[in-house]
Structures are given as C-alpha cells and as structure tokens.
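Enquirer: One structure, as structure tokens, below. Some questions next.
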Amino acid sequence: MTASRSSQRNQLLGFLLATIVVAMGLYLFNHFFGVRLEQGPHINVVKIPAVILWALLAYLGVRLLNAALFDFAFRVRRGYEAPTLVRNIFTLIAFTVLFVLIFKWFFSEVNLGALFTTSAIFGVIIGLALQDTLGNFFAGISLHADRPFQVGDVIVVGQQHHTGVVEGITWRAIKIRTFQNHIVLVANSNAAKEAIEVCPRENLNARLVFFSTLYTDSPAKTIHVAREAVRDADNVSPKITPIVRIRSLGDSAIEWEIKYWLEDYARYNDTDALVRQRIWYALNRSGLTFAFPTRTLHLNARSRRGP
C-alpha cells in the first residue's frame with residue numbers, strides 16, 4: 001500500500017511538472033505568435049500548434065483533477081481506491097468536452113456536426129472491428145453501475161470458481177489476485193454473464209468448520225469448549241459470538257459445525273486452520289475425544305466355520 005501511494009504521488013508530481021512546462025510553452029507561443037493568431041495569410045496554420053498546446057494543457061489539467069478527485073478525495077471519503085474504469089470514463093468525457101471547446105474557439109467556422117456525420121461510416125467500421133472490446137467496456141460500465149463489488153472485496157467468479165481479492169476494475173477486465181498469489185483477468189463481458197459470489201471487505205462474512213466427537217462425550221460441554229476456543233482466535237470478530245451446533249448424528253460420531261465471522265475475509269484460509277488447531281487443543285485439554293470412522297462386521301455362524 002505504501003509503494004502504491006508513493007507511485008501515485010510521483011505520478012501526480014510528474015503531471016504537475018508537465019503542466020507547468022506546457023503552460024510556459026503556451027505563454028511563449030502566445031508571446032511570439034499571438035499577433036499572427038488574429039491576422040495574417042497563414043492564420044490557420046499558426047492556429048494548429050496553439051490548438052495542440054491548449055489540448056495538452058487541457059489533458060494534463062484533467063489528469064490532475066482526476067488525481068485530486070479519485071486518489072485523494074475519493075480515498076478519504078470511501079476508504080478505498082476508485083475503480084480504474086470510472087477514472088478512465090471521467091478523463092475521456094472531460095477531455096473530449098474541453099477539446100471540442102478549444103477547437104471551436106480557434107476554428108469557429110468549422111462545422112463539427114457535418115464532420116462527425118461524414119465520418120459515421122468510419123465509426124461503424126471501427127465499431128465492428130472493436131466489437132468484443134466495446135462489449136467489455138459497456139459490460140464494465142454496467143458492473144460499476146450495479147456496484148456488486150469493490151476493490152478489496154473477495155469474489156468467486158464463473159464456472160471455474162476463480163477466487164481472490166479484487167485489485168482493479170478496468171475498461172476491459174476484472175483483475176483478481178488469487179490466494180496462490182496468481183493474477184486472473186476476467187473479461188467484463190464474461191463476468192456480466194456469470195454468477196458472482198461476493199464477500200464484501202466491510203461486511204462480517206461467516207465461515208463454517210466441521211469436526212466430530214464420540215457419542216460418549218457431553219454435547220453441552222463440547223459446545224462450551226469449542227465456542228470458547230474459537231471466540232478469541234485472531235481475525236475472528238468479537239461482535240458476534242461463534243455458534244456451535246450439531247450438524248448430524250453420524251454412524252459412529254456426533255458431527256459438529258462451528259460458525260464464526262471474520263474481520264478480514266481475505267485471510268479465511270489461515271483463520272480456518274487456526275480455528276481447527278484451537279479446537280484440537282481445547283478438546284484434548286477438556287478430555288473430549290475426536291471421533292474416527294469405525295465399522296463393525298457381523299459374521300454368521302457358517303461364515304465363522306469357513307467353507
């Protein structure tokens with residue numbers, strides 16, 4: 001997290017420095033060529049560099065505003081980083097609006113409506129070529145509009161049950177870091193069609209661990225011992241008391257389940273292992289016995305005498 005914030009800070013300083021450089025270039029350009037922007041035979045030619053410089057300044061200004069809104073204000077208010085898709089859409093829309101205003105300021109005689117109409121056929125061709133990409137893009141917008149999960153949540157996606165922590169939601173895919181520290185990219189169009197199991201990080205998500213004891217052991221004592229062993233375990237939430245209950249009466253043992261709630265669901269593997277360990281020690285200290293599978297074979301008299 002510290003490295004990520006340091007990178008964001010360096011990126012912000014880079015954009016700020018670039019903005020200052022472009023602003024100085026624009027000032028020098030206006031100082032030496034400002035008169036030619038208003039008169040002269042090559043007025044349109046001189047306007048082109050001015051449009052480029054103003055467009056660069058607008059782009060850098062949008063990126064600075066993007067960083068101020070989403071890297072700082074959004075993080076302070078929500079406590080987590082804004083989705084990449086939202087930031088990209090904001091940058092695209094804001095820059096497009098500013099560029100159109102700048103273009104109309106310098107070239108007011110150009111009819112942008114007619115220009116866009118004549119280029120409609122090219123838009124259709126590009127749209128067909130980028131069909132899958134646009135599908136992922138709009139599916140990403142739909143996912144963000146529904147907001148089924150956020151960066152930092154644990155999710156399970158698709159028939160292959162990709163499980164991990166959401167690290168980013170881009171215009172193309174959902175980036176998941178699995179508990180084996182692998183990176184899985186799930187296309188937005190695929191994720192929109194699949195069932196997604198979400199374990200929000202700000203929610204108390206429950207887990208179940210199973211064990212079994214002998215029929216000779218007291219159920220009341222087993223419940224008390226197991227519950228007390230789990231309630232003080234690391235990452236087990238103290239807000240809700242763990243629940244120990246009989247799952248079923250098996251052939252050779254009482255089968256139990258213990259339900260507890262986690263503060264950080266991303267650590268559920270380690271917490272499950274710790275809970276099993278604490279139950280084992282607690283039951284042994286209390287004289288309770290784990291059951292193991294047994295089978296009794298009944299042989300008739302003829303079978304005992306042999307053939």
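The values are calculated or read from the model by the stated rules, or taken from the named source; none is laboratory data. Everything quoted here is computed from the prediction, not taken from an experiment. Note: ideal-geometry Cβ built from the backbone for every residue, glycine included; neighbour counts use all protein chains shown. Side chains included, ligands, DNA and RNA excluded: accessible areas come from the protein's heavy atoms. Shrake-Rupley method; radii C 1.70, N 1.55, O 1.52, S 1.80 Å.
Enquirer: Just to check your reading of the model, which residue among 243, 279, 254 is more than 26 Å from residue 164 (Cα to Cα), of a type in the set (A, V, I, L, M, F, W, C) and in contact (Cβ under 8 Å) with a residue 60 or more places away in the chain? Write out each step before concluding.
Expert: Numbers: 243 fails: in contact (Cβ under 8 Å) with a residue 60 or more places away in the chain; 254 fails: in contact (Cβ under 8 Å) with a residue 60 or more places away in the chain.
Going through 243, 279, 254 in turn, the sole match is 279.
Enquirer: Residue 215 versus (1) farther than 22 Å from residue 277 by Cα; (2) open to solvent by 70 Å² or more (accessible area, probe 1.4 Å); (3) among the hydroxyl-bearing types (Ser, Thr, Tyr): which is the lone unmet condition?
Expert: Going through the list (1) farther than 22 Å from residue 277 by Cα; (2) open to solvent by 70 Å² or more (accessible area, probe 1.4 Å); (3) among the hydroxyl-bearing types (Ser, Thr, Tyr), residue 215 breaks only (1).
Enquirer: Another question about this same structure. I'd like to check which strands (runs of 3 or more DSSP E) are fully inside segment 156-220 and have at least 1 residues that are without any contact (Cβ under 8 Å) to a residue 24 or more places away in the chain and out of contact with any Ser or Thr (no Cβ under 8 Å at 6 or more places or on another chain). Full working, then the answer.
Expert: Values: elements: 162-169, 173-178, 183-187, 196-199, 205-213.
So the answer is 162-169, 173-178, 183-187.
Enquirer: If I filter segment 37-64 down to residues being out of contact with any helix residue (DSSP H, G or I) (no Cβ under 7 Å at 6 or more places or on another chain) and modelled with pLDDT of 70 or more, which single residue comes out as farthest from residue 102 (Cα to Cα)?
Expert: The residue in question is 48.
Enquirer: Also, quick follow-up: Can you name every residue in segment 66-85 that is at pLDDT 70 or above and touching a helix residue (DSSP H, G or I) at 6+ places or on another chain (Cβ under 7 Å)?
Expert: Let us first name the residues in segment 66-85 that are at pLDDT 70 or above, namely 66-70.
Correct list: 66, 67, 70.
Enquirer: Still on this structure: In segment 219-236, how many are farther than 14 Å from residue 274 by Cα and surrounded by 13 or more Cβ atoms within 10 Å (Cβ to Cβ)? Give the steps one after another, and end with the answer.
Expert: We begin by selecting, within segment 219-236, every residue farther than 14 Å from residue 274 by Cα; these are 219-225.
When the remaining residues are screened for being surrounded by 13 or more Cβ atoms within 10 Å (Cβ to Cβ), the result is 219, 221-225.
Number satisfying all stated conditions: 6.
Enquirer: Would you tally the residues in segment 153-194 being touching a helix residue (DSSP H, G or I) at 6+ places or on another chain (Cβ under 9 Å), open to solvent by less than 40 Å² (accessible area, probe 1.4 Å) and hydroxyl-bearing (Ser, Thr, Tyr)?
Expert: Looking only at that region, the number is 1.
Enquirer: Taking segment 237-261 on its own, how many of its residues are within 30 Å of the chain's Cα centre (by Cα) and either among the aliphatic types (A, V, I, L, M) or farther than 12 Å from residue 279 by Cβ (or both)?
Expert: Residues meeting the conditions: 8.
Enquirer: Which residues, taken from segment 238-287, are at negative phi, part of a loop (DSSP other than H, G, I, E, B) and of a type outside the set (Lys, Arg)?
Expert: Residues satisfying the conditions are 238, 240, 241, 242, 250, 251, 252, 253, 263, 264, 286.
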